[in-house]
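Heads up, the thing below is written out as structure tokens.
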Amino acid sequence: MRGSERLIGREVRRVAATGSTMDDVAQASREGAAEGLVVSADAQTSGRGRHQREWASEAGKDVLASVLFRPRPAIAGEIGMLLALSIAEVVEVVCGCDVRLKWPNDVRVDGEKVAGILLESEQGPSGLAVVAGIGLNVNSQMRGVSPDGVAAVSMSELADRELNRDEVLEELLGRIDGYYAEVRAGGTVAPAWRSRLETIGQRVTVTFVRGDGAESSVAGVAEDVDESGRLIVRDENGRAWPVAAGEVTLRE
Ligand code: ATP
């Protein structure tokens, strides 16, 4: 632990129930909250994932938290990577299992999703603010629940015992803090993130959803990621499509 230098989680606001910790941190950011603020909730009435999908959780059982970053723009692209990596490591250490990432940042064990990450950015008067949401299944019963048809699992199901949610959050924030310090100092987590991506080499379909809800898809093989984390999908005509995380949904 890096003691007094700590940035991420220097202030953790715990709330019993809220609409979404994403909205709470975005609001605090607009009011001038310092970088590193965390809002952690027992329950959310409108927890969400990307594209306004729902995030499911049983009250009091899981980590539902959002973190405020104020990165210089050049390192903003590392935030999703370092969060996914930090979560993967915590799950691996606590549960003793092999944790992989479905591009860009679903955290999975044997194809079951244990955590999701949501990133929302806002340009304010004092620069860029990135709110990063973490939904990590800790003690919920997830197997057999399959929210929106997605196979899910919790850490307690993986570890076969009840876990201390506060300890999991603390461990996680420590890792996020450490990686963010490395990135701020000029380092990168991209190679470590890439090495956990199970998507590379797989056949995938990426679906672009436009603002008006219209969809278009590209099917191909996920060849690699580029230096900014975009997935390179090669279609059957040999054309390479670089796809950015914010834009698409990916099916294997
Ligand atoms: P994908 O990468 O599969 O397209 P996504 O990145 O769009 O998913 P997220 O934003 O991480 O998804 O989360 C929303 C989705 O995650 C929901 O549509 C649902 O399928 C799934 N989900 C919702 N709650 C949970 C949960 N507690 N554990 C695992 N998965 C969940």
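Please treat every number below as a calculation from the coordinates, not as lab data. It should be emphasised that the depicted structure is a prediction, and the values quoted were computed from it without experimental measurement. Cβ placement follows ideal geometry from the backbone for every residue including glycine, while neighbour counts extend to all protein chains displayed.
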Determine the relative contact order of the chain: mean sequence separation of Cα pairs under 8 Å and six or more apart, normalised by residue count, in whole percent.
16
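Rank these for me by crowding, Phe69, Phe208, going from fewest to most other beta carbons within 10 Å. Working shown, then result.
On the way: Phe69 26, Phe208 14.
Taking fewest neighbouring Cβ atoms as first place, the list is Phe208, Phe69.
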Which of Ala65, Ala56, Ala240 fluctuates most in a GNM of the chain (C-alpha springs under 10 Å)? That residue is Ala240
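So which GluC sites (Glu not before Pro) in the stretch 162-207 are both in a DSSP loop and have at most 13 other Cβ atoms within 10 Å of their Cβ? All intermediate terms of the calculation are to be shown ahead of the outcome.
Numbers: sites: Glu162, Glu167, Glu170, Glu171, Glu182, Glu198; in loops: Glu162, Glu198.
Answer in residue order: Glu162.
What's the extension gain from Glu215 to Asp235 if we count 0.36 nm per residue and subtract their Cα-Cα distance? Working shown, then result.
On the way: separation 20, 0.36 × 20 = 7.20 nm, distance 1.74 nm.
Gain in length upon complete extension: 5.5 nm.
Which of rounded, prolate or oblate describes the chain when judged by the alpha-carbon gyration tensor and an a/c cut-off of 1.5? All intermediate terms of the calculation are to be shown ahead of the outcome.
Numbers: a/c = 1.45, a/b = 1.22, b/c = 1.19.
Here the chain falls in the rounded category.
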Restricted to the stretch 1-119, the DSSP antiparallel beta bridge percent, nearest 5, is 65
Indicate, rounded to the nearest 5 percent, the antiparallel portion of the DSSP beta bridges found entirely in the stretch 12-195.
80
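Tell me, what does the Kirkwood hydrodynamic radius of the stretch 203-250 come to in angstroms if you use every pair of distinct C-alpha atoms? Don't skip to the answer; put the middle values down first.
Values: mean 1/r = 0.0921 Å⁻¹.
It works out to 10.9 Å.
How high is the relative contact order of the stretch 203-250, in percent, counting Cα pairs under 8 Å that sit 6 or more residues apart? List each step's numbers first, then the result.
Working: 86 pairs, mean separation 16.7, N = 48.
Contact order relative to length: 35 percent.
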Arrange Ser86, Ser20 by Cβ neighbour counts within 10 Å, fewest through most, would you?
Ser20, Ser86
Whole number please: convex hull volume per residue of the Cα set in the stretch 147-252, in Å³?
162
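Starting from the Cα-Cα distance between Arg161 and Arg13, subtract it from 0.36 nm times their residue separation and give me the gain in nm to one decimal. Walk me through the intermediate numbers first.
Numbers: separation 148, 0.36 × 148 = 53.28 nm, distance 2.70 nm.
Taking 0.36 nm per residue and subtracting the Cα distance, the gain is 50.6 nm.
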Percent relative contact order of the stretch 111-185, based on C-alpha pairs within less than 8 angstrom and at least six residues apart?
24
With n ≥ 4 as the cut-off for DSSP H runs, can you work out [θ] at 222 nm for the chain, using -39500 (n - 2.57) per run divided by the number of residues, rounded to the nearest 500?
-7000 deg cm²/dmol
Determine ³J(HN,Hα), in whole Hz, for all residues of the stretch 204-214 in sequence, where each value follows from phi through the Karplus function 6.51 cos²θ - 1.76 cosθ + 1.60 and θ = phi - 60°; x replaces Gly and Pro.
9, 10, 9, 10, 8, 10, 7, x, 7, x, 5
